[in-house]
Amino acid sequence: MPTSYNDQPFLANLRLLATIFSKLDGRIRFFWWGFSLDSRKPLCLKAWDSLYKPKSCGGLGFRKMDEFNRALLAKWGWNILTNANSLCLSVLRSRYIQYDCFLDIPKKVGDSPFWKTILDIRNLLSDGSCYIVGDGNSIDPWKDPWVPNVIQFRPTPIAKPNRGCNRVKDFISSLGTWDVQKLSTYFTPTDVNSILKITIPLNHKLDYWVWTPSANGKCSTRFINSDAAIGYDVAVIACVARDDLSSILCCKSKRIVSSPLLIAEGLAVELAIEMAYNASWPAVVFESDSESFVEVVNLRNSAAWIISSMVDNCLLKLFRIPFWNILFSPRLCNSLAHNFAR
């Protein structure tokens, strides 16, 4: 099947096994460090996790194949959801999508492996995707997410829909305003108030999808640096979030009782994870200059008893984020969070 990701065709079309990803990562390492069949082990001059970091932070921008695979598949889902224009996407829509929303289509026995893979990955999109009302002609008010201020962006109906109310446009009057009487007939008072907060555009533009956790409505990766500064009685933990263009999105700091450095660094990482989860960011790279803490989290191995519970908490919170990675970042590349903590 054709794909716009010509340099990574299999990663863009298939969900592979974890063992395959491990082998792919290994091949990349062997190639980079000059591995040959004559040598049993390549000479690794720098920690591989440091090379995964963006070039702006001293890395080489390498990608872990597992995360790259999921990101490319999620991109397919987002392009299908947002009606991106291409021949391949048109074929998929005509074959599998007719009247239902992409987020609600059930998996069928006769579906192709590729389509089943796309359906498996769409749960990463469902929690943050929402329609923005334009002319209301494309939105099914009973199935589609279209009200930003309600749970799952779907209003709760209190009456069965009839044939005259199968699109959001049917709840818009001829004057271009919401038909309050009709809304009150079909939805709860709380949902009606939320719907009335939606501005109807005057130029009757088309309805379109947005990714609500992002200010610009598009899916993108976030980077969060964390650090700690230790004082005699008080310590400060801090984290700074950036987008993929290195623009600062937000920052947060917190005073804690003065603690050993490893504990404070771990608490700073936990603060960063909470920031990402509360913001509903689907793809986050966490960076810390505590190499010991990063190694324990990544390897899931036995941590020192003094931080074992903290590591468990971090892992539990990390698994609520669809795409995540945690990397060691030298102090020079972690200066934003370091200076903020001070």
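The values are calculated or read from the model by the stated rules, or taken from the named source; none is laboratory data. The structure presented is a predicted model; accordingly, all values stated were derived computationally and were not measured. Neighbour counts run over all protein chains shown; Cβ positions are idealised from the backbone, glycine included. In case anyone asks, the SASA skips ligands and DNA or RNA and just uses the protein heavy atoms, side chains included. Shrake-Rupley method; radii C 1.70, N 1.55, O 1.52, S 1.80 Å.
Here are some notes:
- Residue ID - modelled with the highest pLDDT, chosen from residues in region 316-342 that are farther than 22 Å from ALA71 by Cβ and assigned to a loop (DSSP other than H, G, I, E, B): PRO330
- Residue count for region 215-241, restricted to those that are surrounded by 17 or more Cβ atoms within 10 Å (Cβ to Cβ) and either in contact (Cβ under 8 Å) with a residue 60 or more places away in the chain or assigned to a helix (DSSP H, G or I) (or both): 15
- Selected residue (criterion: least open to solvent (accessible area, probe 1.4 Å)) from residues of region 127-137 that are in a loop (DSSP other than H, G, I, E, B) and at pLDDT below 90: GLY128
- Of all residues in region 242-257 being basic (Lys, Arg) and either more than 17 Å from the chain's Cα centre (by Cα) or open to solvent by 60 Å² or more (accessible area, probe 1.4 Å) (or both), the one that is nearest to SER335 (Cα to Cα): LYS252
- A single member of SER246, SER226 is hydroxyl-bearing (Ser, Thr, Tyr), touching a Ser or Thr at 6+ places or on another chain (Cβ under 6 Å) and modelled with pLDDT under 85, and it is SER246.
- A count restricted to region 258-315 and to residues that are assigned to a loop (DSSP other than H, G, I, E, B) and either at positive phi or open to solvent by 10 Å² or more (accessible area, probe 1.4 Å) (or both) stands at 16.
- Residue that is nearest to the chain's Cα centre (by Cα), among those in region 171-214 that are open to solvent by 50 Å² or more (accessible area, probe 1.4 Å) and under 16 Å from ASP140 (Cα atoms): TYR208
- Taking each residue of region 119-146 that is in contact (Cβ under 8 Å) with a residue 40 or more places away in the chain and at positive phi and looking for partners that are open to solvent by 40 Å² or more (accessible area, probe 1.4 Å) and part of a helix (DSSP H, G or I) with beta-carbon atoms closer than 8 Å, six or more apart or interchain, yields GLY136/LYS169.
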